[in-house]
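Visitor: Below you'll find the structure I mean.
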Amino acid sequence: MFESLTQRLSKTLNNLKGKGRLSEKNIKEALRDVRVALLEADVALPVVKAFLQQVQQRAIGQEVIGSLTPGQALIKVVRDELTLLMGEQCDELNLHAPAPVVVLMAGLQGSGKTTTAAKLAHLLMERNKKSIMLVSCDIYRPAAIKQLETLAEQVGAKFFPSDPTQKPVNIASAAIEQARNQFIDVLLVDTAGRLHIDDEMMDEIKELHAATQPTETLFVVDSMTGQDAAKTAKAFNDALPLTGVILTKTDGDARGGAALSVRHLTGKPIKFLGIGEKINALEPFYPDRLASRIIGQGDILTLIEEAERTVDKEHAEKFAGKLKKGKGFDLEDFRAQLIQMRNMGGVASLMDKIPGIDQIPEKAKGLVNDKEMGRMEAIINSMTTIERHNPVIVKGSRKRRIANGSGTQIQDVNRLLKQFTQMQKMFKQVSKKRGGMSGMMRGMKNKMPPGMRF
């Protein structure tokens, strides 16, 4: 998300970074570029106007022009105003109400509401250690109930069965009663969507809201619809007392206009971002972190949190001990690193959070992708244990067997082995170089294999 906006803003702001003095003219020219970048990112015009007015007011005042480092000061102003525009802080779900806490999921058809309900269930079970029940009140879309039941089973949540012949209000009321009897912490209620907003749809969801009295009413909207996402959210907010918004499909949204418009137009916080198709591809929305990503400063905090949640600590300690003792880095270790990267959301998700990633050529970024990592893993999986521990024996007939077993070409096997050899040399320096791991990291930049070099 925000690829084009990040590139444009980074270029504009970096041009000002080294200047010892900024004039009112410099600032206005820079803000003209920012305006174009925001409009191209499909940010709503009223939002762009309000944002630029605030930035200009702070920039032309003493805050920037009177600063000893005006370029840096302007970057900070832009980041701060982006953060304010999106909500200033992370708005968490209110889970402190009496159990079961009812969360009502609303939205248009095709926004990813049902999948998002399951993703939210997974997140609350994993991070908040809550017991979850899912129920579908969508009696119109074929197989909607079955879809949610399958997803509930996949994430390990309880499921309350319903039937298309029942009334949505009756389904929800019965689910609340059962959740209460089973001491469930949170009940997620998936509602029916429509292809567009209509009176019948709104009347039904208002009735559901009145019957369930939800603690949270979340509007699920497809971020790829751009300004329309914010307008639809506003229409729902006028009809329902929304408590927050979930933006889905942000991994496929290169512009990001919805994320920058929703809060300003609705007054409601974005609470989560859907960042992929996997069941764990939902993350809390942190305005300050996203603002840093937009201006090309990355999101190290989220990277650290993801690593803490997903890294196999026992394996990491063994690996560190192995390197400390001077034992070689082998293909088993390489495969473990690839799996760890996948568990953290894949290459695309990681790259999005790396500071300065916008300055890397698109061609170079294109070489680093989840498909390539999957191919590498498949090749290693096709090797025997002996071959993984001792890759030098992989020659001729062994390469043909590995390529056939992994559905790849011999050239792919050769490329993997070459990249691995370069990484092996790099890890050998850990025990030799002064500074250990940090010494290795300093020398890593130009020694990463093609396709993995930043």
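Visitor: Can you confirm whether the stretch 129-147 contains a residue that is β-branched (V, I, T) and either assigned to a strand (DSSP E or B) or in contact with a Leu (Cβ under 9 Å, 6 or more places away or on another chain) (or both)?
Guide: Residues of the stretch 129-147 that are β-branched (V, I, T), as a first pass: 132, 135, 139, 145.
Then keep just the ones that are either assigned to a strand (DSSP E or B) or in contact with a Leu (Cβ under 9 Å, 6 or more places away or on another chain) (or both); that gives 132, 135.
Looking through the stretch 129-147, at least one residue is β-branched (V, I, T) and either assigned to a strand (DSSP E or B) or in contact with a Leu (Cβ under 9 Å, 6 or more places away or on another chain) (or both).
Visitor: For I184, are the conditions met, namely being over 18 Å from A152 (Cβ atoms), among the β-branched types (V, I, T) and assigned by TED's automatic domain parsing to the domain that holds L151?
Guide: When the stated conditions are applied, I184 does not pass them.
Visitor: Still on this model: So if I check each of M383, M373, which one is in a helix (DSSP H, G or I) and surrounded by 13 or more Cβ atoms within 10 Å (Cβ to Cβ)? Lay out the reasoning, then the answer.
Guide: On the way: M383 fails: in a helix (DSSP H, G or I).
Only one candidate qualifies: M373.
Visitor: Return the only residue of R35, R21 being farther than 23 Å from G267 by Cβ and at pLDDT 85 or above. Lay out the reasoning, then the answer.
Guide: Values: R21 fails: at pLDDT 85 or above.
Only one candidate passes the filter, namely R35.
Visitor: Between a first residue in the stretch 108-121 that is in a loop (DSSP other than H, G, I, E, B) and a second residue that is buried (at least 20 other Cβ atoms within 10 Å of the Cβ) and hydroxyl-bearing (S, T, Y), which pairs have beta carbons less than 8 Å apart while being 6 or more apart in sequence or on different chains?
Guide: Here the result reads L108/T232; S111/T248; G112/T248, each pair linking the stretch 108-121 to a residue that is buried (at least 20 other Cβ atoms within 10 Å of the Cβ) and hydroxyl-bearing (S, T, Y).
Visitor: Here's a follow-up. Scan D198, D238 and give me the residue that is farther than 19 Å from A144 by Cβ and without any contact (Cβ under 8 Å) to a residue 12 or more places away in the chain. So that I can check it myself, show each step before the final result.
Guide: On the way: D198 fails: farther than 19 Å from A144 by Cβ.
The conditions single out D238.
Visitor: Taking the stated definitions as given, is S162 closer than 30 Å to T225 by Cβ, modelled with pLDDT of 85 or more, touching a Cys at 6+ places or on another chain (Cβ under 9 Å) and crowded, with 22+ Cβ neighbours inside 10 Å?
Guide: Numbers: closer than 30 Å to T225 by Cβ: yes; modelled with pLDDT of 85 or more: yes; touching a Cys at 6+ places or on another chain (Cβ under 9 Å): yes; crowded, with 22+ Cβ neighbours inside 10 Å: yes.
For S162, the condition - closer than 30 Å to T225 by Cβ, modelled with pLDDT of 85 or more, touching a Cys at 6+ places or on another chain (Cβ under 9 Å) and crowded, with 22+ Cβ neighbours inside 10 Å - is met.
Visitor: Right, something else. Tell me, please, whether a residue that is within 16 Å of A106 (Cβ to Cβ), β-branched (V, I, T) and assigned by TED's automatic domain parsing to the domain that holds A210 can be found in the stretch 142-149.
Guide: As a first pass, look at the stretch 142-149 and keep what is within 16 Å of A106 (Cβ to Cβ): 144, 148.
Filter again for β-branched (V, I, T), leaving none.
Within the stretch 142-149, none of the residues are within 16 Å of A106 (Cβ to Cβ), β-branched (V, I, T) and assigned by TED's automatic domain parsing to the domain that holds A210.
Visitor: Sticking with this structure for a sec: Considering only residues that are at pLDDT 90 or above and surrounded by fewer than 19 Cβ atoms within 10 Å (Cβ to Cβ), which ones fall in the stretch 208-247?
Guide: Correct list: A210, A211, Q213.
Visitor: Suppose the filter is modelled with pLDDT under 85, of a type outside the set (A, V, I, L, M, F, W, C) and over 30 Å from D198 (Cβ atoms); does Q57 pass it? Give the derivation first.
Guide: Values: modelled with pLDDT under 85: yes; of a type outside the set (A, V, I, L, M, F, W, C): yes; over 30 Å from D198 (Cβ atoms): yes.
Yes; evaluated as a whole, the condition is true for this residue.
Visitor: Related question: What do you reckon, is T266 β-branched (V, I, T) and either in contact (Cβ under 8 Å) with a residue 60 or more places away in the chain or touching a Gly at 6+ places or on another chain (Cβ under 8 Å) (or both)?
Guide: Numbers: β-branched (V, I, T): yes; either in contact (Cβ under 8 Å) with a residue 60 or more places away in the chain or touching a Gly at 6+ places or on another chain (Cβ under 8 Å) (or both): no.
Considered against the rule, which asks whether it is β-branched (V, I, T) and either in contact (Cβ under 8 Å) with a residue 60 or more places away in the chain or touching a Gly at 6+ places or on another chain (Cβ under 8 Å) (or both), T266 comes out as no.
Visitor: Could you tell me which residue of the stretch 74-89 is nearest to V55 (Cα to Cα), considering only residues that are at pLDDT below 80 and surrounded by fewer than 20 Cβ atoms within 10 Å (Cβ to Cβ)?
Guide: Across the stretch 74-89, the extreme among qualifying residues is E88.
The values are calculated or read from the model by the stated rules, or taken from the named source; none is laboratory data. Everything numeric here is computed off the predicted structure, so don't read it as measured data. Because the Cβ atoms are built from the backbone with ideal geometry, glycine has one as well, and the counts that use them run over all protein chains shown.
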